[in-house]
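Below you'll find the structure, written out as C-alpha cells, and then a few comments.
The values are calculated or read from the model by the stated rules, or taken from the named source; none is laboratory data. These numbers were taken from a predicted model, which means no experiment stands behind them. Reconstructed Cβ throughout: ideal geometry from the backbone, glycine too, with neighbour counts over all protein chains shown. Surface accessibility is based on the protein's heavy atoms, side chains included, excluding ligands, DNA and RNA. Shrake-Rupley method; radii C 1.70, N 1.55, O 1.52, S 1.80 Å.
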Amino acid sequence: ELISRASAAVLLKLLPVVDDHVRAMESVTPEVAESMWYGGFKLIPQKLQQLLESEGVTVIESLGKPFDPNQHEAIAYEPCAAEQDGLVVAELQKGYMLRDKVLRPAIVKVGQATK
C-alpha cells in the first residue's frame with residue numbers, strides 16, 4: 001500500500017506536465033508544425049502516455065457521459081437541451097484513474113436544461 005501511494009503521488013505530479021504539453025501542441029503555428037524539431041517534439045506525449053498506461057493510469061472518458069461526482073468536478077452549468085441535462089457538455093481538464101481509483105477527477109461543465 002505504501003508503494004502504491006508513493007507511485008500515485010509521483011504520477012499525480014506528472015499529470016500537469018502532460019496537460020502543459022497538450023496545450024503546447026494545440027497552439028503550434030503552421031510554420032512550427034513544418035519544422036524538423038517538431039517531429040521529435042510530437043513523440044513526447046506518446047512516450048508520456050505509454051509511461052502512464054504502463055503504470056495503470058487511464059483517462060476518464062467524460063464528454064457526453066452522465067455527471068458522476070466520484071469522477072468529475074463540476075465547475076459550471078451550461079444551458080442545454082433537455083436530452084443533455086445532467087451530462088458532461090465540456091471537459092476543461094482531463095481526469096485520470098489509477099487502476100480502479102480516481103487519481104485526478106475531470107474538471108467539467110454540466111448541462112442544465114433550460115425551462
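Averaged per residue, the chain has 68 square angstrom of accessible surface, using a 1.4 angstrom probe with ligands and nucleic acids left out.
When Lys and Arg each count +1 and Asp and Glu each count -1, what net charge do the other residues less than 14 Å away from residue 96, Cβ to Cβ, add up to? Write out the running numbers ahead of the final one.
On the way: positive: 13, 94, 99, 101, 104; negative: 19, 53, 55, 61, 73, 91, 100.
Once all neighbours under 14 Å are counted, the net charge is -2.
For segment 1-43, GluC sites (Glu not before Pro) meeting the loop criterion (DSSP other than H, G, I, E, B) and having at most 10 other Cβ atoms within 10 Å: 1, 34. For segment 13-115, the tally of Lys pairs with Cα-Cα distances below 22 Å comes to 12, considering only residues 8 or more apart or on different chains. Nearest 10 degrees, 0 to 90: what angle lies between the long axis of helix 2-26 and the longest principal axis of the chain (Cα atoms)? Roughly 90 degrees, rounded to the nearest 10. With respect to the chain, whose longest principal axis is taken over its alpha-carbon atoms, helix 43-54 is tilted by about 70°. Highest mobility in the GNM of the chain, judged by mean-square fluctuation with C-alpha springs under 10 Å and restricted to 88, 32, 59, is found for 32. Counting Lys +1, Arg +1, Asp -1, Glu -1, what net charge surrounds residue 67 among other residues with beta carbon under 12 Å of its beta carbon? Cβ neighbours under 12 Å give a net charge of -3. By accessible area, using a 1.4 Å probe on protein heavy atoms only, the chain has 58% of its surface on carbon and sulfur.
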